[in-house]
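> Below: one structure in structure tokens.
The values are calculated or read from the model by the stated rules, or taken from the named source; none is laboratory data. On a predicted model such as this, the values are computed, not experimentally measured, just so you know. Don't worry about glycine lacking a Cβ; one is built from the backbone with ideal geometry, like all the others, and counts go over all protein chains shown. Areas reflect the complete protein model, heavy atoms only, side chains present, ligands, DNA and RNA absent. Shrake-Rupley method; radii C 1.70, N 1.55, O 1.52, S 1.80 Å.
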Amino acid sequence: MKTVLVIGGGVTGLKAASELAGMGYNVSLVEKEDYLGGQVVKHKYYKLAPDLRPAGDVIDPVIKAVESNSNIKVHKHSRVVAVSGNAPEFKAKIKNSKGESEETFGAIVVATGFEHFDPIVKQEYGYGRFKDVVTNSEVEEMLNPNGPTKGELKRPSDGKVPKKIAIFQCVGSRDKQVGNPYCCRVGCVVSTKQAIEIKEKCPDSEVYVYYMDMRMFGRGWEELYGKAMEDYEVIFTRGRGAEVTLKNQQLSLRAEETVMNRPIQHSVDMIILAAGIAAGDGTIDAAKVLGIKQNDYGFLAPKDDFLSPNESSKAGIYIAGADKGPLDIENCIVEGAAVAAKVASNLKN
Amino acid sequence: MAENTDKMVIDGVELTGIWKEFLPSRILYEDVTTEFLDEVKKLPGGATIAKCYQCGTCTGGCTLPDFVDKFNPRRFIDLVRRGHYDILVNENKDLVWKCVSCQRCTHRCPRGVNTQEVVRAIAKFLEDRKVFGKLTNDEAFDEVFMGEVIEDGRIDEVKIVKDFYSKTGRLKDMMRADQLSLGFKMLTSGRIKLFGGKIKDWKKVSQRLKEELQ
């Protein structure tokens, strides 16, 4: 059977689909939204770390490769509602607003990705209560010339350009209170990148990053961190943001400067929460429909983390990308290609 | 020639020797130990101390520093874990008692440390080592308060104030005009009573409590 179902039209799903189509497979790509590109397009990611290259440079060719390939059938605004059968013959029901259709597939690739953590549950940070407390994905939309502010950095309450900006790291990651004790793996570098972008846009602004550890393990990340400190004078303070209050009509944050052993109060114009990564609705839905194993945090669990990282607990169903856990775009593309190779070699035998 | 010996001649002056000896490194703490950590861990409420990852959420949101500026739960935990007993005693022994148990730190801790209980356990750890010398006000009040609860089963405000002042040797202070007028105001407004009531058959409970606390 030379047909493959790919669930999820984000970076990973797109890459997997185009690779499989390139190897001669007929691919059906199912995406729940009416656009391709996943979170990158949804939140209008502007530039990518560490090279500050436009996200469009990366995502547009990946989308184009799928749209221009006649072996790929794209189902937008669709969901996979039921799957029956076993490897190598699955029957999947794909539902959209017009109705349902049933197709037969040799393998299923799940690339349902992640969703940004919603910081409203961290009530001490005042997200939702104070307009000028925003998330990192909202800042990304702000910095993008195609975004709501046309690329201008304006604080939401009065439209003024913020002079003092604080960034809180690890919001909804490494936090047992919200049930996410894992690291989001991208927050550090995204915040560093945004700090640099803000400094480039408004050179007289002050940017303070409140962090616990800066985890710069990716390609060029550590160098970007150095650049932020040396060339852009971003101030990194070791101490987790503790709370945000309003003082004399201005945002006031409290944290401990742990290096100095003292709590500080800091008045700023805008606070950016580096919200972490959570398993998305699509991932949880897919796990339910397909009956594959999840880990403690809702992400999909591979059959063997080391030896078969792209196989799910069920034969013939493959998983890849950020639905297995937090992952950056660079590695999502690697995952998409890896899962395509695995599917192709398994279907051949 | 011995190892680590650098041969150097500058402007005809021979500067040969072990540079390490010319510039001794500054080592302040030689022996770091986890024995205090183990001790605090075993005390009631101290079990979660090892979970801490030193982010400072507790101190950042603490309600006390506005009044007691050096109060720092994260640092207390750090000092115990690193075995810096001398700093804990010299700089922090009078601070650890000041916690008002508002539980903000415990509620917010991202690692599930029961911070308030851990701070109490550290205070107990210091108390067990008798670092306080004479009775502090906090301790004296605790003793008077608990003594009264065990003896009578309830608090008699006038008696507790009198006992507290006499225990800390400040009975004269109690007789100051402002204290007396405050007491009079509270008495006339019904805030306090001159004699607290008795609880029936408390003796038996009191006996039992004393046995338990032995």
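> Tell me which lysines have Cα within less than 20 Å of residue A:193's Cα, excluding those fewer than 8 residues away on the same chain?
Hits, sequence-local ones excluded: A:42, A:44, A:47, A:150, A:154, A:163, A:164, A:201, A:227.
> For the protein assembly as shown, give me the percentage of DSSP beta bridges that are antiparallel, rounded to the nearest 5 percent.
If I count the DSSP bridges inside the protein assembly as shown, around 55 percent turn out antiparallel.
> Let me ask something else about it. So how much accessible area does residue A:48 have, in Å² to the nearest 10, using a 1.4 Å probe?
30
> If a/c stays under 1.5 just call it rounded; otherwise compare a/b with b/c (prolate if a/b is bigger, oblate if not). Do that for the protein assembly as shown, with a ≥ b ≥ c from the square roots of the Cα gyration tensor eigenvalues.
Note, shape of the protein assembly as shown comes out prolate.
> Determine the sum of side-chain charges near residue A:262: Lys and Arg each +1, Asp and Glu each -1, restricted to other residues whose C-beta is under 10 angstrom from that of residue A:262.
The answer is -1.
> Before we go on, tell me the buried accessible area for the B/A pair, both chains summed, 1.4 Å probe, in Å² to the nearest 100.
That pair of chains buries around 1700 Å² in total.
> If you find the alpha carbon centre of the range A:72-130 and of the range B:191-210, how far apart are they in angstrom?
Centre-to-centre distance over Cα atoms comes out at 67 Å.
> A further question on this structure: Pull the list of chain B cysteines that no other Cys approaches to under 4.7 Å, Cβ to Cβ.
B:52, B:55, B:62, B:99, B:102, B:109
> With a Förster radius of 60 Å, plug the Cβ-Cβ distance of residue A:349 and residue B:210 into 1/(1 + (r/R0)^6) and report the FRET value to the nearest 0.05.
With a Förster radius of 60 Å, E is 0.15.
> If the cut-off is a Cα-Cα distance under 22 Å, which lysines reach residue A:98, setting aside same-chain residues fewer than 8 apart in sequence?
The reachable lysines, counting only those whose Cα sits under 22 Å from residue A:98, are A:32, A:73, A:76.
> Would you please classify the overall shape of the range A:117-277 from the alpha carbon gyration tensor, given that a ≥ b ≥ c denote the square roots of the eigenvalues, rounded means a/c under 1.5, and beyond that prolate means a/b larger than b/c while oblate covers the rest?
rounded
> Rank these residues by their accessible area, most exposed first, probe 1.4 Å: B:185, B:41.
Final ranking, largest accessible area leading: B:185, B:41.
> Measure out, as a whole number of angstrom, how far apart the alpha-carbon centroids of the range A:277-329 and the range A:29-64 sit.
Rounded to whole Å, the Cα centres lie 21 Å apart.
> Taking a probe of 1.4 angstrom, what is the accessible area of residue A:129 in Å², to the nearest 10?
Accessible surface of residue A:129 is approximately 150 Å².
> Assuming a ≥ b ≥ c are the square roots of the Cα gyration tensor eigenvalues, decide whether the range A:242-314 counts as rounded (a/c under 1.5), prolate (otherwise, with a/b larger than b/c) or oblate.
prolate
> Right, something else. Helix A:221-230 against the longest principal axis of chain A: what's the angle in degrees, Cα atoms only, rounded to the nearest 10?
Orientation of helix A:221-230: about 20 degrees from the principal axis.
> Angle between the Cα long axis of helix A:329-348 and the longest principal axis of chain A, 0 to 90 degrees, nearest 10?
10
> Partner chain Cβ atoms within 10 Å, averaged over the residues of A:175-182 - can you pull that number for me?
What the average comes to for A:175-182 is 3.
> Quick one: if you stick a label point 7 Å off each Cα along the C-beta vector at residue A:213 and residue B:63, how many nm between them?
In this crude spin-label approximation the distance works out to 3.3 nm.
> If each DSSP helix of 4+ residues adds -39,500 (n - 2.57) and the sum is divided by the residues in the protein assembly as shown, what number results at 222 nm, nearest 500 deg cm²/dmol?
-10500 deg cm²/dmol
> Let me ask something additional. Longest span of chain B, sites excluded, free of GluC sites (Glu not before Pro) in DSSP loop with at most 10 other C-beta atoms within 10 Å?
B:31-214
> OK, next. State the answer as a single residue: which of A:99, A:341, A:258 lies farthest towards the positive end of the charge dipole of chain A, with beta carbon charges of +1 for Lys and Arg and -1 for Asp and Glu, about the Cα centre.
My answer, from the dipole projection, is A:99.
> Sticking with this one: Can you list the residues of the range B:95-132 that have at least 50 square angstrom less accessible area with all protein chains present than in their chain by itself, probe 1.4 Å?
At a threshold of 50 Å² (probe 1.4 Å), the residues of the range B:95-132 that become less exposed are B:108, B:110.
> Can you sort A:15, A:314 by 1.4 Å-probe accessible area, starting with the largest?
A:314, A:15
> Would you work out what percent of the accessible area of chain A, with all protein chains in place, is carbon or sulfur (probe 1.4 Å)?
Of the solvent-accessible surface of chain A, carbon and sulfur hold 48 percent.
> Same structure, new question: Assuming 0.36 nm per residue, please report the length gained on full extension of the stretch residue B:27 to residue B:155 beyond their Cα-Cα distance.
40.8 nm
> Still on this structure, I have one more. What aspartates and glutamates could a cross-link reach from residue A:91, if we take a straight Cα to Cα line under 12 Å and drop same-chain neighbours fewer than 8 places away?
A:102, A:103
> Which angle from 0 to 90°, rounded to the nearest 10, does the C-alpha axis of helix A:55-67 make with the longest principal axis of chain A?
Between helix and principal axis, roughly 10 degrees.
> Amide H neighbours of residue A:122 under 5 Å, counting only residues 5+ apart in sequence or on other chains, H built in-plane at 1.01 Å?
Amide H to amide H, under 5 Å and 5 or more residues apart or across chains, residue A:122 pairs with nothing.
> Sticking with this structure for a sec: Looking at the range B:35-128, what % of the alpha carbon pairs are farther apart than 24 Å?
Above the 24 Å cut-off, the range B:35-128 has 8 percent of its Cα pairs.
> Please calculate how many Å² of accessible area the protein assembly as shown carries per residue, with a 1.4 Å probe and no DNA, RNA or ligand atoms counted.
That works out to 52 Å² per residue.
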